[in-house]
Amino acid sequence: MFLWVMIVAGSSSLWGAERLDTPAAKPAGSGVIVHSDGYILTANHVVANAKRIFVVTAGEFRAPATLISTDSEHDLALLKVETVGLTEARIGYAGAVRLDQEIITVGFSFGLREVSVTRGRIAAVRTRGVQRVFQVDAAINPGNSGGAIFNRRGEVVGVLTTKFTHPSGIVPEGMSFALPISYATPLLANIPDFDFTMIGKGRKDAKGGGEDKGLAQEVVRTTVLIETVRNTDTASMPPAPAQIAGASSKSDLPAVVSPRLQPSPVRDPAPSAQDEEAIARVNDQLRAAQEDELKQLAQRGIAQPEGMVVIPAGEFLMGAEDGLQDARPLHRVHLSSYWFDKYEVTNARYRQCVEGGGCTPPKDRLTFEDPQRAQHPVTNITWSQARSFCQWQGKRLPTEAEWEKAARGTDGRRYPWGNDGELVKSHMRNGELKPGANGTEPVGRQAATASPYGVFDLIGSVSQWVKDWYAEDFYQASPARDPQGPLRGSFRVLRGGEWNEKPPDLRASYRGWDDVTYWGPTLGVRCAGDVP
């Protein structure tokens, strides 16, 4: 309490100025304090297009906030208020969340100044592409967006969002969705001294009674109300004190500090005949180099492994200048020769590993045990299961650089077949590339999308686990030869995607990522190997 008094006294001029100004800020949602130095996590849609942002704590203290970083893909944003000594929430493991687990949601319903605490359970763990989302049955009202969901240990395990909808298109009363807190890791990395070693080290589960009441009081202290002044509200906003004094109009600008905004999708230009001819020439050159490599290996007594192709040593263009931020910049990478699976691992091949004792069954065995889907790609496996399968076969997971070179060749093309994005749209309209009813189809069926090296189903099928840890800025300092990814991280990289993904996500340069414990109907694997 003494610390709070010091904060208020030391910050009275700042907050006092805001109270005198009384901008026409409106309640926009909720947030959660993730660091005592004033860092707030909320949903991106809560603060999107805001001209000014204000944070109101449960103790009725109000302060202006700056936008530090955003992740529009996962609907997350990190804010900062200039103060210290806030009560921060503990961060939990999203991978430990289980179906029917009891949770607590906290937020400022309807924009009121009173915090609402609601109890509920995890009704489902749903998948959208390579993303996970928790479906909760707690009674959530407008104003709760951006607020946290807590487990019984008082740890944040998710952030409430409106990004997702119920599969039926009708959201039953009392049903909402939350993004796993693990997706916020890249944003939390912007906090200078955030201690990632403390994740998952909350207190023991509350048993009820006074202990349960204490938990509710604790999570309330970490919850804040987010108010915003939108660009459309400028007419109702009175001038700031600096403007009254004749200062520069820069005070009208949004308070943003180096946000990580995703660029707007770039349309693929229609390929010219010259471009198509150039692609064809490169394809011929790559196949010739591939054949030469196989001949040289045969002379050394090295046979081509069954079901694999050789990717010759040499440079290729990795990344993209017009892609998402984590795929920039376009850069040259030299890779040593390696073997690469021609097809994704099928249910039949994975079954051999399970029966041989080298693998555990997929987490969801419905499609795995269907004999009609033996030649479909195996799905519902974690990163560790994918690695175990490759090791059982005497192989390894490919690096993301190896996956990308196998997918796009050496010339930096957008897709395995070239640069024609209209090809995807036309085939989708005609239904020629529509996946099977279970979300997959037999491997190798989509010959038109094969890469110049003869690798199938790199896009338009399941996402595939690769070796690398994920880091958004890894390309800024990536080694020029045989990059292996960051030394450590919180997520592993996924490459490839389904036809129902957004066009930018179908490019060969697109980088997905997920927690190593996650699995789903769109997560599969293919393997690689070293050439002696």
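Observations, loosely collected:
- Search result, residues across the range 310-339 that are more than 16 Å from D411 (Cβ to Cβ) and free of Cβ contacts under 8 Å to residues at least 40 places away in the same chain: A313
- Pair list, Cβ < 6 Å and 6+ apart or interchain, from the range 345-371 residues that are under 17 Å from K395 (Cα atoms) and in contact (Cβ under 8 Å) with a residue 40 or more places away in the chain to residues that are of a type in the set (A, V, I, L, M, F, W, C) and surrounded by 20 or more Cβ atoms within 10 Å (Cβ to Cβ): V345/V378; V345/V525; T346/V443; C353/C359; C353/F389
- Candidates A401, A407 - the one that is assigned to a helix (DSSP H, G or I), modelled with pLDDT of 95 or more, touching a Ser or Thr at 6+ places or on another chain (Cβ under 6 Å) and within 24 Å of V378 (Cα to Cα): A407
- Scope the range 112-150; condition closer than 15 Å to V32 by Cα and open to solvent by less than 20 Å² (accessible area, probe 1.4 Å); matching residues: G143, N144, G146, G147, A148, I149, F150
- Of the residues making up the range 444-462, just one is buried (at least 23 other Cβ atoms within 10 Å of the Cβ), over 22 Å from G412 (Cβ atoms) and either polar (S, T, N, Q) or over 25 Å from the mean Cα position of the chain (by Cα) (or both), namely S461.
Yes/no per residue for (1) farther than 17 Å from G147 by Cα; (2) among the small types (G, A, S); (3) crowded, with 23+ Cβ neighbours inside 10 Å:
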{"residue": "A50", "(1), (2), (3)": "yes, yes, yes"}
{"residue": "V55", "(1), (2), (3)": "no, no, yes"}
{"residue": "A58", "(1), (2), (3)": "no, yes, no"}
{"residue": "T66", "(1), (2), (3)": "yes, no, no"}
{"residue": "D71", "(1), (2), (3)": "no, no, no"}
{"residue": "H74", "(1), (2), (3)": "no, no, no"}
{"residue": "L79", "(1), (2), (3)": "no, no, yes"}
{"residue": "I91", "(1), (2), (3)": "no, no, yes"}
{"residue": "V97", "(1), (2), (3)": "yes, no, no"}
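- When residues of the range 439-449 are limited to those that are part of a loop (DSSP other than H, G, I, E, B) and of a type in the set (S, T, N, Q), the one farthest from I381 (Cα to Cα): Q446
- In the range 463-487, the residues that are aromatic (F, W, Y) and either surrounded by fewer than 16 Cβ atoms within 10 Å (Cβ to Cβ) or farther than 16 Å from P186 by Cα (or both): W465
- Qualifying residue in the range 357-378 (condition: within 22 Å of E306 (Cβ to Cβ) and acidic (D, E)): no
The rows are residues; the columns are (1) of a type in the set (D, E, K, R); (2) modelled with pLDDT of 95 or more.
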residue: D420; (1), (2): yes, no
residue: E441; (1), (2): yes, no
residue: T449; (1), (2): no, no
residue: V466; (1), (2): no, yes
residue: P483; (1), (2): no, yes
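- For the range 384-407, filtered to residues that are under 20 Å from G454 (Cβ atoms) and of a type in the set (K, R), the residue that is surrounded by the fewest Cβ atoms within 10 Å (Cβ to Cβ) is K395.
- Checking I302 against (1) of a type in the set (A, V, I, L, M, F, W, C); (2) under 34 Å from the mean Cα position of the chain (by Cα); (3) farther than 30 Å from N190 by Cα; (4) at pLDDT 85 or above, the condition it does not meet: (2)
- Scope the range 506-521; condition over 14 Å from the mean Cα position of the chain (by Cα) and more than 18 Å from P361 (Cβ to Cβ); matching residues: L506, R507, A508, S509
- So A24, is it part of a helix (DSSP H, G or I) and either open to solvent by less than 30 Å² (accessible area, probe 1.4 Å) or modelled with pLDDT under 80 (or both): no
- In the range 295-308, the residues that are within 27 Å of V345 (Cα to Cα) form Cβ pairs under 6 Å with partners that are surrounded by fewer than 13 Cβ atoms within 10 Å (Cβ to Cβ) and at pLDDT below 95, at six or more places apart or across chains, as follows: I302/P532.
The values are calculated or read from the model by the stated rules, or taken from the named source; none is laboratory data. The structure displayed is predicted, hence computed values, not measured ones. Cβ: placed from backbone, ideal geometry, glycine included. Neighbour counts: every protein chain shown. Each accessible area value is taken on the protein alone, full model and side chains, heavy atoms only, with ligands, DNA and RNA left out. Shrake-Rupley method; radii C 1.70, N 1.55, O 1.52, S 1.80 Å.
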